[in-house]
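Visitor: Structure in structure tokens, see below.
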Amino acid sequence: MTDTTSTAKGDRDPAPAVSRALRILSLLAEAEGVPMTLSDIARALGIAKSSTANLCAALEDGAVIEREAGGYRLGRRTAELGGAYAQQFNQVREFYRVVAASPELHREVVQIAMLDGEDALYLARHEGRSPYRLGTPLGSRLPAALSATGVALLARMDDDAVRSLLQDAAPFPRLTPESITTVDELLLQLAEARERGYAVDRGGSFGGIVGVAVALDPWAPADPPLALGAALPAEHVDDARIVEVAAGLQAVVLALTNPLGGRSG
């Protein structure tokens, strides 16, 4: 059986077991909670079931995967590691407190995302008090071109840089009837976001949800640029509420960007 994870001769993988273990984690993440059998995993890796079983046993011992009747799925340790990654950034640690104290946002679903290649990757989430299931789970991704947080992040780049980044991603997937599919359509949205100071997604990533987002400059030079986004049920949102939520997000950005602002020396 051929190992599809091996590299070409002369460019050998220095740690094939590690590469295969990482591939297993990626496969289970892509399965979105649906268990994968040992045979499924072995087939995807292109290696023997016995080798796959040894890898899965090691990962299970580390609690990064877990086994149930239907097969394997991601384990609790992956959530701990994801949380630890996000908590490295000062703004993520302060995010929950600041949003909970916001009169405009404390009842809403508010999330932090970063740009990861062509996607917006979600790092933290304030649940609010909405009876609706809104937004995206932690660690999930959306095409940056189709989400308010992604548009807020892309709006900080110039148009040439955006075209270069997303040239291979277009046409974008049509997630809803309102989704845009071309870079030219995206550039129009970026121009609007730059002019008004915040991005708006009117059902382009999830039907029935309006997203409002603003960019957040890094707190430290090594931190990635972030964006704050609120997910609102479209049936209860008008233009005035969008402006109100945007102002609340901008106030949170100010608090997170200048944590000592307003204090006397």
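Visitor: Within the bounds of the stretch 183-202, is there any residue that is under 17 Å from the mean Cα position of the chain (by Cα) and not aliphatic (A, V, I, L, M)?
Guide: There is at least one residue in the stretch 183-202 that is under 17 Å from the mean Cα position of the chain (by Cα) and not aliphatic (A, V, I, L, M).
Visitor: If we keep just the residues of the stretch 68-90 that are at pLDDT 75 or above and assigned to a helix (DSSP H, G or I), which is farthest from PRO224 (Cα to Cα)?
Guide: Among them, the one singled out is ARG76.
Visitor: While we're looking at this one, here's another question. Please go through the stretch 1-32 and pick out each residue that is modelled with pLDDT under 80 and under 20 Å from ARG76 (Cα atoms).
Guide: Answer for the stretch 1-32, where residues must be modelled with pLDDT under 80 and under 20 Å from ARG76 (Cα atoms): just GLU32.
Visitor: Hey, another quick one. Taking interchain pairs and intrachain pairs at least six residues apart, which have beta carbon atoms under 7 angstrom, with the first residue in the stretch 56-81 and open to solvent by less than 60 Å² (accessible area, probe 1.4 Å) and the second among the polar types (S, T, N, Q) and not in a helix (DSSP H, G or I)?
Guide: GLY71/THR37
Visitor: Output the number of residues of the stretch 26-70 satisfying the condition of being of a type outside the set (Lys, Arg), touching a Leu at 6+ places or on another chain (Cβ under 7 Å) and farther than 30 Å from GLU94 by Cβ.
Guide: The total comes to 8.
Visitor: Okay, moving on. Could you name every one of the strands (runs of 3 or more DSSP E) located completely within the stretch 157-265 that has at least 3 residues being in contact with a helix residue (DSSP H, G or I) (Cβ under 9 Å, 6 or more places away or on another chain), of a type in the set (A, V, I, L, M, F, W, C) and crowded, with 16+ Cβ neighbours inside 10 Å?
Guide: Those strands (runs of 3 or more DSSP E) span 209-216, 226-233.
Visitor: Quick check on ILE112: is it at pLDDT 85 or above and either open to solvent by 60 Å² or more (accessible area, probe 1.4 Å) or farther than 30 Å from THR182 by Cα (or both)?
Guide: No.
Visitor: Across the stretch 30-55, which residue is farthest from the chain's Cα centre (by Cα) among those that are of a type in the set (Gly, Ala, Ser), in a helix (DSSP H, G or I) and surrounded by 15 or more Cβ atoms within 10 Å (Cβ to Cβ)?
Guide: Filtering the stretch 30-55 for residues that are of a type in the set (Gly, Ala, Ser), in a helix (DSSP H, G or I) and surrounded by 15 or more Cβ atoms within 10 Å (Cβ to Cβ), the one farthest from the chain's Cα centre (by Cα) comes out as SER51.
Visitor: So for the stretch 188-198 (the condition being of a type in the set (Phe, Trp, Tyr) and farther than 23 Å from VAL92 by Cβ), does at least one residue qualify?
Guide: Looking through the stretch 188-198, none of the residues is of a type in the set (Phe, Trp, Tyr) and farther than 23 Å from VAL92 by Cβ.
The values are calculated or read from the model by the stated rules, or taken from the named source; none is laboratory data. Since the model is a prediction, treat every value here as computed from it, not as a measurement. Backbone-built Cβ (ideal geometry, glycine too); neighbour counts: all protein chains shown. When the accessible area is computed, the model is the full protein with side chains, heavy atoms only, and any ligands, DNA or RNA have been set aside. Shrake-Rupley method; radii C 1.70, N 1.55, O 1.52, S 1.80 Å.
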